[in-house]
Amino acid sequence: MANAVRRILLKLSGEALMGDQDSGIDPAILKRVASEVLEVQGSGIQVALVIGGGNLFRGAALSAAGMDRVRGDQMGMLATVMNALAMQDMLEQLGGACTVMTSTPMQPIGEVYSAHHARQLLEAGRVVICAGGTGNPFFTTDTAASLRAVELQTDLLLKATKVDGIYTADPKKDPKATRYERLGFDEAIAKQLGVMDLTAMVMCRDNKLPLRVFDMFASGALHAIVRGEPVGTLVEM
Ligand code: UDP
């Protein structure tokens, strides 16, 4: 699989950008992630990004606090656009070329998402950030990531988390939990291992898109993955 990887989609949660803060964006984290993305891109891999918005707003939490869910989810989707702009800025500061595409029209903040144009931009050496989720409430950015990864014909969907893969149980609660190196989609779905939402997992399975779950903060992990090293957990058919 190693040599076959030409194009990847990396999904980062909004929370990953917070660092040790309670919300918002830690510039040091942003810089670190952007550097790793550019390093991987520099090795000839095309990189698309989907970033969540959980560091700013989540529709479900706003809804629990009394807001209409659709409006809350719209705020969540706007949060993903803010994170995308922060990442675009950092990638450009570091010398990269990046286009933000939004699922709903938001010019001049970003271009309206088009799979064909995104593929052309990736071929031309730009990082493409697909922002604004799917554009629909009641979905998550995991699902947006799986959708965009399939549309963009990526070889791999990478989900960066705070843990270094998928475990048999929550490793924080169960000291006997062990990490899977590889897992079939049907097993991951049946066991509801909770690392990615089911809609996203089913989307990957039905389109035979391999998914790798890994710890973004393990130094050099992204580069190791595209070199074909077995970092984290691979979910495949
Ligand atoms: N969201 C949505 N539709 C989408 C993607 C995201 O409504 O297609 C909203 C939803 O409210 C979600 C918020 O955007 O809670 C932020 O996304 P998510 O929670 O997936 O971010 P992450 O957990 O990855 O930071």
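Just so it is clear, none of the values below were taken in a lab; they were calculated from the coordinates. Quantities reported herein were computed from a predicted structural model and do not represent experimental measurements. As a convention, Cβ positions derive from the backbone with ideal geometry for all residues, glycine included, and neighbour counts pool all protein chains shown.
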Which value in nm describes the separation of the simple spin-label points at Lys191 and Ala218, placed 7 Å from the Cα toward the beta carbon?
1.7
Cβ-based charge dipole, region 104-180, positive-most Cα from Tyr167, Ser114, Thr140:
Tyr167
Whose amide H sits under 5 Å from the amide H of Ala131, counting only residues 5 or more places off or on another chain, with H placed in the peptide plane?
Met101, Thr102, Ser103
Enumerate the amide H contacts of Phe139 below 5 Å, restricted to partners 5 or more residues apart or on another chain; note that Pro and chain-start residues carry no placed amide H.
none
Computed for region 42-160: size of charge dipole around the Cα centre, +1 on C-beta of each Lys and Arg, -1 on C-beta of each Asp and Glu, debye to nearest 20, value 200
Square roots of 5 times each gyration tensor eigenvalue, C-alpha, the chain, largest first, Å:
24, 22, 18
List the relative contact order of the chain as a percent without decimals, with contacts defined as Cα pairs under 8 Å and 6+ residues apart.
22
Looks like region 2-113, by Cα gyration tensor root eigenvalues a ≥ b ≥ c and the a/c under 1.5 rounded cutoff (else prolate when a/b is bigger than b/c, oblate otherwise), is prolate
